[in-house]
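Remarks on the structure that follows.
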C-alpha cells in the first residue's frame, strides 16, 4: 500500500475483477465513465506488451455536483481513478485516494474536502468488498 492509494489483491482473475468492480460501483451509485485497456492501447500504439492493466474513471453524480458547488476547480480532480492490474500471477485493484488528489489550495475549501473524504470512504469500502 502506498500513501496515495488503497490497494487490494483479489483472489480471482483480471477480467472478473474488472467486471465485479463495475457491478459493485453501479449498484452503489457510482458510474464508470471510461475503462481504458492500457495493455491493448500500448500494444496497438507502441508495440510494447505489458501485463493486463485497466484504468477506470469513476464518478458519483451526487458527490460530483456537491464538489462543483463547493468549488468550480473541483473538476480538475474529477473523476476518481481506480486501476486493475496484474503483477505476475496476481491481480490488484488500486484506488487513487480522493483526499490525496486535492492539492493544498483546494483542501482549503472545507466543503470540497468533505466531499473528497466521503468519496474516499465509499470507494475504499466498495473496493474492499469486490
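The values are calculated or read from the model by the stated rules, or taken from the named source; none is laboratory data. For clarity, every value in this text was computed on a predicted model and none was experimentally measured. Cβ sites come from the backbone with ideal geometry, for glycine too, and all protein chains shown count toward neighbours.
Do we find that residue 29 is more than 14 Å from residue 81 (Cα to Cα) and in contact with a helix residue (DSSP H, G or I) (Cβ under 9 Å, 6 or more places away or on another chain) in this structure?
yes
Quick check on segment 41-49. Is at least one of its residues within 22 Å of residue 127 (Cα to Cα) and not in a loop (DSSP other than H, G, I, E, B)?
Looking through segment 41-49, none of the residues is within 22 Å of residue 127 (Cα to Cα) and not in a loop (DSSP other than H, G, I, E, B).
Give segment 91-114 a look and list any residue that's under 17 Å from residue 25 (Cβ atoms) and either out of contact with any helix residue (DSSP H, G or I) (no Cβ under 9 Å at 6 or more places or on another chain) or modelled with pLDDT under 95 (or both), or say none.
The answer is 96, and nothing else.
Taking residue 17 as the residue in question, decide whether it is assigned to a helix (DSSP H, G or I) and surrounded by 14 or more Cβ atoms within 10 Å (Cβ to Cβ).
yes
Of these, 68, 38, 106, 97, which one is surrounded by 13 or more Cβ atoms within 10 Å (Cβ to Cβ), farther than 30 Å from residue 11 by Cβ and either in contact with a strand residue (DSSP E or B) (Cβ under 9 Å, 6 or more places away or on another chain) or without any contact (Cβ under 8 Å) to a residue 12 or more places away in the chain (or both)?
68
Residue 58 is checked against (1) over 18 Å from residue 24 (Cβ atoms); (2) under 12 Å from the mean Cα position of the chain (by Cα) and fails just one. What number does that condition carry?
Evaluating residue 58 over (1) over 18 Å from residue 24 (Cβ atoms); (2) under 12 Å from the mean Cα position of the chain (by Cα) leaves (1) as the failure.
Only one residue in 77, 48 is closer than 17 Å to residue 116 by Cβ and either surrounded by 19 or more Cβ atoms within 10 Å (Cβ to Cβ) or at pLDDT 95 or above (or both). Which one?
None of the others qualify; the one that does is 77.
Taking residue 117 and the conditions (1) surrounded by fewer than 17 Cβ atoms within 10 Å (Cβ to Cβ); (2) out of contact with any helix residue (DSSP H, G or I) (no Cβ under 8 Å at 6 or more places or on another chain); (3) modelled with pLDDT of 95 or more, which numbered condition does it fall short on, given that it satisfies the others?
Condition (2) is where residue 117 drops out.
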